[in-house]
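Student: Structure below; questions to follow.
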Amino acid sequence: AGAPFDLNPHLNYTQRTVAPSVRDQSIGDPRAVVVSADGTKAFAAGLGSSSVIAFNPTTGARLATTFVGEGPTGLALDGTRNLLFALNRFEGTVSVLNAGTLQEVSRAGFFDPTPDTVRKGRPFLYDTHLASGLGQASCGSCHIDARMDQLSWDLGDPSGTVKAFDQTCNGVVARSE
């Protein structure tokens, strides 16, 4: 195995925020990875960025990026037919991609029994390009599956004035107790 690498090498983590065009290059909240049979290409699904990337599994070099339906959480590679399938959980679809070019060939819907309020609200918890200063982390990165994180949150004085929005943590300061 090679040395660890960053799937978002374009980011400077000393910055609190970057331009939306840079943020959109980030793969956010990766959930699934598949590797080609010959080990020369890997793919990752970004739940929060609604994207799939192709990269070199040894060096981490980004080979391609494509946007798919909302919330990709699973990948399956059919090397024989050169197809990559992405399960877009929030959208209730499966994207079929050309594994060589990462172009979407088709998209098919499936039945999703999730209640409308959950289906419409869930993407906001995970949208890394909307709610993250760098585009790689979401509220759901800490609040896994929207569960409690066991942190006490100081939300300020409710009778005070509204503070300016802070991209790093949505203006909320967390502290462990």
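Student: Do any chymotrypsin sites (Phe, Trp or Tyr not before Pro) in the range 80-128 lie in a DSSP loop with no more than 12 other beta carbon atoms within 10 Å, and if so, which?
Tutor: Listed in order of number, the matching sites are Phe110, Phe111.
Student: Let me ask something additional. Once the Cα atoms of the range 1-113 are picked out, what are the Rg and Dmax in Å?
Tutor: When restricted to Cα atoms, the range 1-113 yields Rg and Dmax of 14.2, 43 Å.
Student: Here is a follow-up. Under the rule of at least 5 residues apart or a separate chain, name every residue whose amide H is placed under 5 Å from the amide H of Lys41.
Tutor: Ser36
Student: Go ahead and run the numbers for FRET between Ser36 and Arg16, Cβ-Cβ distance against an R0 of 45 Å, rounding to 0.05.
Tutor: Efficiency, rounded to the nearest 0.05: 0.80.
Student: Can you check how the C-alpha radius of gyration of the range 1-61 compares to 2.2 N^0.38 Å, as a plain ratio?
Tutor: Rg over 2.2 N^0.38 Å, computed on Cα atoms: 1.18.
Student: Round to a whole angstrom and tell me the spacing of the C-alpha centers of the range 82-121 and the range 35-57.
Tutor: Comparing the Cα centres of the range 82-121 and the range 35-57, I get a distance of 16 Å.
Student: Place a label point 7 angstrom from the Cα of Asn82 along the Cα-to-Cβ direction, then list the residues of the range 90-116 whose backbone nitrogen is under 15 Å away.
Tutor: Within reach of a label on Asn82: 97-105.
Student: Where the only charges are on Cβ atoms (+1 Lys, Arg; -1 Asp, Glu), what is the dipole of the range 48-118 about its Cα centre, to the nearest 20 debye?
Tutor: Once rounded to the nearest 20, the dipole reads 280 debye.
Student: Please turn the phi angles of the range 117-133 into ³J(HN,Hα) values with the Karplus equation 6.51 cos²θ - 1.76 cosθ + 1.60 (θ = phi - 60°), one per residue in order, whole Hz, x for glycine and proline.
Tutor: 4, 6, 4, 6, x, 3, x, 5, 5, 10, 5, 6, 7, 8, 10, 10, x
Student: Please state the relative contact order of the range 6-120 as a whole percent: Cα pairs under 8 Å, 6+ residues apart?
Tutor: 16
Student: Please list the non-local residues whose amide H lies under 5 Å from the amide H of Glu70, H modeled 1.01 Å from N, same-chain partners needing a gap of 5 or more.
Tutor: Result for Glu70 returns Glu91.
FYI, it's all coordinate maths here, none of it is from the lab. Because the structure is a prediction, the values reported are computed rather than measured. No Cβ is skipped: glycine too gets one built from the backbone with ideal geometry, and neighbour counts run over all protein chains shown.
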